[in-house]
1. Which residue pairs have Cβ atoms closer than 9 Å, lie 6 or more positions apart in sequence or on different chains, and pair a first residue in the range 142-157 that is touching a residue at least 12 places away in the same chain (Cβ under 8 Å) with a second residue that is in a helix (DSSP H, G or I) and open to solvent by 50 Å² or more (accessible area, probe 1.4 Å)?
2. Sort out for me the helices (runs of 4 or more DSSP H) sitting completely within the range 152-252 that have 3 or more residues that are more than 16 Å from ligand 2 (Cβ to nearest atom), touching a helix residue (DSSP H, G or I) at 6+ places or on another chain (Cβ under 7 Å) and within 24 Å of Tyr64 (Cβ to Cβ).
3. Condition check: away from ligand 2 (no atom under 13 Å from the Cβ) and modelled with pLDDT under 95. Does Glu11 satisfy that?
4. I want to confirm something. Restricting to the range 21-46 and keeping residues that are open to solvent by 10 Å² or more (accessible area, probe 1.4 Å) and under 14 Å from the mean Cα position of the chain (by Cα), which single residue is nearest to ligand 3 (Cβ to nearest atom)?
5. Residues that are touching a residue at least 12 places away in the same chain (Cβ under 8 Å), closer than 15 Å to Lys222 by Cβ, surrounded by 19 or more Cβ atoms within 10 Å (Cβ to Cβ) and more than 14 Å from ligand 3 (Cβ to nearest atom): does the range 67-90 have at least one?
6. Quick test for you: out of Ile147, Ile188, pick the one residue that is at pLDDT 95 or above and crowded, with 18+ Cβ neighbours inside 10 Å.
7. Please work out which residue is nearest to ligand 3 (Cβ to nearest atom), limiting yourself to the range 200-242 and to residues that are among the polar types (S, T, N, Q) and open to solvent by 30 Å² or more (accessible area, probe 1.4 Å).
Amino acid sequence: MQELEQQIDKERLPLHVGVIMDGNGRWAKGQGKPRVFGHHSAVESVRATVEACAELGVKYLTLYAFSTENWDRPQMEVGALMQLLVDTIGSEMKMMLDNGIRLATIGDTDGLPSATREALAFGIEQTSGGEGMTLILALNYSGKWDIARATRQLAREVAAGRLDPDSLDEAALGSRLSTHAYPDPELIIRTSGEHRLSNFFLWQAAYAEFYFSPVFWPDFRKPDLYAAVVDFQQRERRFGKTSEQLKQATNP
Ligand code: IPE
Ligand code: IPE
Ligand code: MG
């Protein structure tokens, strides 16, 4: 663990890391336990990941915690996840304050149960002075929802005569997304061996580096996060250019 962490170049950290936390149900099933046991065990992984990112100096960490599609799960599981959010904000408050974390959310939080909304509002308020990492919980979130909502906002502005349709460009749409205040994710991690976005940051992931871990989320710990960052730092991010161009720019 020590070794992996030491391989990380602190000057070249991903500014924003997104995590698609997946595999809780399969992890629990593998132990003959109910799915919600996996969700409860996952709190440990959330803590380890948040701490590891904050300690490294990552500025933004987004955790995909509940998608717009997750409402289709059994009602009992949805209820357990919503209650777990309430409990976790309470149990992790000290950890967030100790690490200078500022809590934020993206997604249609108006659609969450009132107890969850209240716990989130409390967490956001209590941590508002955090000057370290911003921890963004994606809740009742989906990339399509985000883009549709931004488009609705643009349409309203055009209809009101405040926006010229011809001035509508990528920056205009980007600035109406729920992530407008944050840089795009540079590294997106997905656990449990699945290789898909599942409606996460569709727009924002345009140039993200992807890291897929076979580990089920409840087993994910600091060394797994370090491994993802080390891998990220070994990639050549070309942004459409050639490798030669990049080398010229760094060695003029
Ligand atoms: C991730 O684990 C948690 C959420 C999506 C809320 P899953 O519950 O999706 O676990 P698997 O994929 O069924 O194993
Ligand atoms: C993605 O995981 C959503 C979250 C991690 C919140 P899912 O388990 O819901 O994704 P699918 O259904 O396997 O694509
Ligand atoms: Mg899953």
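1. Ser142/Glu69; Leu154/Pro165
2. 222-233
3. Here the answer is no, as Glu11 does not meet what is asked.
4. Only one residue fits best here, namely Asp22.
5. For the range 67-90, residues touching a residue at least 12 places away in the same chain (Cβ under 8 Å), closer than 15 Å to Lys222 by Cβ, surrounded by 19 or more Cβ atoms within 10 Å (Cβ to Cβ) and more than 14 Å from ligand 3 (Cβ to nearest atom): absent.
6. Answer to the selection: Ile188.
7. Gln234
The values are calculated or read from the model by the stated rules, or taken from the named source; none is laboratory data. Nothing here was measured: the structure is a model prediction, and the numbers come from that model. Counting neighbours? That spans all protein chains shown, and the Cβs are built from the backbone with ideal geometry, glycine included. Only protein heavy atoms, including side chains, enter the accessible area calculation; ligands, DNA and RNA are left aside. Shrake-Rupley method; radii C 1.70, N 1.55, O 1.52, S 1.80 Å.
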